[in-house]
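Let me begin by presenting the structure, written as structure tokens, before commenting on it.
The values are calculated or read from the model by the stated rules, or taken from the named source; none is laboratory data. As the structure is a computational prediction, the values presented were derived from the model and not from experiment. Note: ideal-geometry Cβ built from the backbone for every residue, glycine included; neighbour counts use all protein chains shown.
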Amino acid sequence: MHRWTAGLVGMVLVGSGLAIAPAATAGGEVRQEEHCVVRVVGIKPSGELITTKPECSTTRAAAMARATQRGQLSSFAIGIHFDGASFTGDTFTVVGDDCTGGWLNLSAAWINRVSSTLHGCPRIRHFDGYNLTSSFQTTNWPGGNLTALNNATNSIQYLP
């Protein structure tokens, strides 16, 4: 990971300047977006990442601030996953120290929700099954929309 890439991802996280409007539900009520951050704290022999519990808020900046208050944040956002196309909607951010192939199974709240991914790692592979099984789609830096696995991701791997 290049130092400038980590800085770019940090700028996107903190200073994106994106105005995010609350989403409307089918009934017309306004729903606040939810942005959650997990921090990598270890890795199992299988390569599965061990993370903190999600810290969530209605803005990405507030979620990052909450995660920071709980302890030292890892180096950079290795991936920011969105439930909308083109980096919109709710987010699930994974903060870690490297892109050496570590992976995670998505929590029940994020199964089959990822539509786009913004990269901190050069490549991110999205799998249809748990534990890196079944079909997969790879997105490359700086990120993009999922096609074949839009709303069908169950596990994710962060690669150099």
For this session: Take residue 101 and decide whether it is modelled with pLDDT under 95 and under 25 Å from residue 75 (Cα atoms).
Result: no
Seminar exercise, completed: Expected single match for of a type in the set (Gly, Ala, Ser), surrounded by fewer than 18 Cβ atoms within 10 Å (Cβ to Cβ) and modelled with pLDDT under 90 among 42, 71 is 71
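When residues of segment 79-127 are filtered for being of a type in the set (A, V, I, L, M), within 12 Å of the chain's Cα centre (by Cα) and outside any strand (DSSP E or B), how many remain? If you could, list the steps in order and put the result at the bottom.
Of segment 79-127, the ones of a type in the set (A, V, I, L, M) are 80, 85, 94-95, 104, 106, 108-109, 111, 114, 118, 124.
Next, only the ones that are within 12 Å of the chain's Cα centre (by Cα) stay: 80, 94-95, 104, 106, 114, 118, 124.
Then keep just the ones that are outside any strand (DSSP E or B); that gives 106, 114.
Number satisfying all stated conditions: 2.
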For this session: Could you run through segment 143-160 and say how many residues are touching a helix residue (DSSP H, G or I) at 6+ places or on another chain (Cβ under 9 Å) and exposed (fewer than 15 other Cβ atoms within 10 Å of the Cβ)?
Result: 0
Exercise. For residue 61, which of the numbered conditions (1) assigned to a helix (DSSP H, G or I); (2) small (Gly, Ala, Ser); (3) modelled with pLDDT of 95 or more fails to hold?
Worked result: (3)
Seminar exercise, completed: Checked segment 128-141 for anything of a type outside the set (Gly, Ala, Ser), over 16 Å from residue 115 (Cβ atoms) and part of a loop (DSSP other than H, G, I, E, B); matches are 133, 141
Seminar exercise, completed: Cβ pairs under 7 Å, 6+ apart or interchain, first in segment 30-45 and in contact (Cβ under 8 Å) with a residue 40 or more places away in the chain and more than 12 Å from residue 93 (Cβ to Cβ), second in a strand (DSSP E or B) and of a type in the set (Lys, Arg), ordered by first then second residue, are none
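Can you tell me which residues in segment 116-136 are of a type in the set (S, T, N, Q) and surrounded by 20 or more Cβ atoms within 10 Å (Cβ to Cβ)? Can you show your working first?
Step one: list which residues in segment 116-136 are of a type in the set (S, T, N, Q), which gives 116-117, 131, 133-135.
Listed by number, the residues that qualify are 116, 117.
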